[in-house]
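One structure is given below, encoded as structure tokens.
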Amino acid sequence: MLTYTLDKDKGHLSRELYKALKNDIEGGKLKRGEKLPSKRTFARNCSVSTITVQNAYDQLVSEGYITAIEKKGYYVSDSVVKKKSKVSYLVEEDEDTSTVELPDLSNNRVNVDNFPFSIWSRIMRKTMGEKQNLLLSPMKTEGVYELRRAISHHLSSFRGMAVSPSQIIVGAGTEYLYSLIIQLLGRDKLYALEDPGYMKLERIYNANGVRSIKVELDDKGLSLLSLEKSSADIAHISPNHHYPTGITMPLDRRYEILSWAAKKDERYIIEDDYDSEFRVSRNPVPTFYSLDTSGSVIYMNTFSKSLASTVRISYMVLPDSLAERFKENFSFYSSTVSSFEQYTLASFIEEGFFEKHINRMRLYYIRQRQAVLSLLSYSLMKDKCSVIENDSGLHFILRLNTVLSDKEVKEILYREGIKISALSDYSRSSSISHDFIISYSNLDMDAFKRALGILSENI
């Protein structure tokens, strides 16, 4: 009976199971053509969930170590899988430890163990077989119609947004789309950015030769009073699960900012809805785009947060007037996302796999959050800190009761090989302190446990 004892304290069980199977295949313990246990049986043997086994199997299928045969199960691939050479092992063993990435408690990247490899690879093969001519045909600047149609249906189902495919522009990452927006709106505009907020935005705007100004947040999100004082033309905001504060802007504040935009021509709101699919409490608040009646909102989202950080496919939804302006002035641009990726993603959405993935990930993140909060509640830090969630999606703020500066806290953990980010890292305000970001989307539970122990002894 094939079974493995996995260390559950380490987290990432599917990765551990994947490594164990891979080592046994490479070492010859599992023979070519050998049938592997069913997902349910294997999960029971190893005392893990079927999802854990599925993720491990999917990764092995994608790398060619095993083969999935419909209605029969999983088999070790007939192709010979050689053990890594001694040279490669020597390189790994002699690697300078100073370059090894340290566990980061604030890392908000998606856990790759949860990527639906088997489904994605099957759709890729199907796309190659059915759309050969289309894959070699020129694409429209805004992206292939099938993907824009799929996104339109998704936005209708998940966010209650009535969007035509003609309003959607697909691009390779939000940073590329930002540059298009700047060209579309003009470089003479003043952009209001949130403080605290995504620090990279300011650098992007500066690199594109446009002016930006920091506007403070209050407990409802972007301050309307500060926005009006800024003389900004464009407000760039993340009203849902704002990073890093976690604030979800309430409905009344959204209407106030929409009124600000409607008061003057050529005022716009850029709404970054980067992880809108994930929340752990309350019903979703309508998007700015859904509430807008003056054509003042540019809606943006990405698949990097819902699928994987390496899936560099983002999109924006333009109001009708800007969509027409885009077609008139930017039709000569080439699409920056390959047609192969676009058709694959379109099928993934249209065939219902994206919705299933989102539902599965919601459950996963809920369990992750519960595990993190449970670990905190039983630690020696429970009376030395408080948790601020703000309906924040995949992270929360850990507020420490300490006299130490944020820099000192970070240095204490860094000396022990652990990284963490403070809210103050994202703000120019000197009044923000003692608030630290804990992201549970890809959290190293062992590192978090160690961090709590270190902090309990030092603060």
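For segment 437-446, state whether one or more residues are without any contact (Cβ under 8 Å) to a residue 60 or more places away in the chain and of a type in the set (D, E, K, R). Full working, then the answer.
To start, the set of residues in segment 437-446 that are without any contact (Cβ under 8 Å) to a residue 60 or more places away in the chain comprises none.
No, because not a single residue in segment 437-446 is without any contact (Cβ under 8 Å) to a residue 60 or more places away in the chain and of a type in the set (D, E, K, R).
Name the one entry in SER231, SER294 that is over 24 Å from LEU155 (Cβ atoms) and not basic (Lys, Arg).
After ruling out the rest, the residue left standing is SER231.
If LEU363 satisfies every condition in (1) hydrophobic (A, V, I, L, M, F, W, C); (2) over 30 Å from ARG15 (Cα atoms); (3) free of Cβ contacts under 8 Å to residues at least 24 places away in the same chain but one, which is the exception?
Result: LEU363 passes all but (2).
Quick check on this structure: which one of THR293, THR302, THR310 is within 27 Å of GLU355 (Cβ to Cβ) and either in the same structural domain as PHE436 (by TED's automatic domain parsing) or surrounded by fewer than 20 Cβ atoms within 10 Å (Cβ to Cβ) (or both)?
Unique residue meeting the criteria: THR310.
So that you can scan it fast, the table gives a plain yes or no per residue for (1) in a loop (DSSP other than H, G, I, E, B); (2) farther than 19 Å from GLU175 by Cα:
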{"position": "PHE278", "(1), (2)": "yes, yes"}
{"position": "SER294", "(1), (2)": "yes, yes"}
{"position": "TYR299", "(1), (2)": "no, no"}
{"position": "TYR333", "(1), (2)": "yes, no"}
{"position": "THR336", "(1), (2)": "yes, no"}
{"position": "GLN342", "(1), (2)": "no, no"}
{"position": "SER347", "(1), (2)": "no, yes"}
{"position": "PHE354", "(1), (2)": "no, yes"}
{"position": "TYR364", "(1), (2)": "no, yes"}
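I need a count of the residues in segment 422-441 that are surrounded by fewer than 20 Cβ atoms within 10 Å (Cβ to Cβ) and among the polar types (S, T, N, Q).
Here the count works out to 4.
How do the pairs read when you match residues in segment 175-197 that are of a type in the set (Lys, Arg) with residues anywhere that are part of a helix (DSSP H, G or I), using Cβ under 9 Å and keeping only pairs 6 or more apart or on different chains?
LYS189/ILE182
Which one of these is modelled with pLDDT under 90 and in the same structural domain as VAL297 (by TED's automatic domain parsing): GLY171, GLY129, GLY160, GLY186? Explain how you work it out, then say what you get.
Numbers: GLY171 fails: modelled with pLDDT under 90; GLY129 fails: modelled with pLDDT under 90; GLY186 fails: modelled with pLDDT under 90.
Result of the check over GLY171, GLY129, GLY160, GLY186: GLY160.
Of these, LYS419, LYS407, LYS382, which one is outside the structural domain of SER309 (by TED's automatic domain parsing), of a type in the set (D, E, K, R) and in contact with a Ser or Thr (Cβ under 8 Å, 6 or more places away or on another chain)?
Numbers: LYS407 fails: in contact with a Ser or Thr (Cβ under 8 Å, 6 or more places away or on another chain); LYS382 fails: in contact with a Ser or Thr (Cβ under 8 Å, 6 or more places away or on another chain).
None of the other options fit; the residue is LYS419.
Report yes if ILE454 is buried (at least 20 other Cβ atoms within 10 Å of the Cβ) and more than 30 Å from MET124 (Cβ to Cβ), otherwise no. So that I can check it myself, show each step before the final result.
On the way: buried (at least 20 other Cβ atoms within 10 Å of the Cβ): no; more than 30 Å from MET124 (Cβ to Cβ): yes.
When the stated conditions are applied, ILE454 does not pass them.
Any chance you could count how many residues in segment 124-161 are out of contact with any helix residue (DSSP H, G or I) (no Cβ under 7 Å at 6 or more places or on another chain) and among the aromatic types (Phe, Trp, Tyr)?
Residues that pass the stated criteria total 1.
The values are calculated or read from the model by the stated rules, or taken from the named source; none is laboratory data. Note that the structure is predicted; figures quoted are calculated from it, not measured. When we count neighbours, we look across all protein chains shown, and the Cβ atoms used for this are built from the backbone with ideal geometry, even at glycine.
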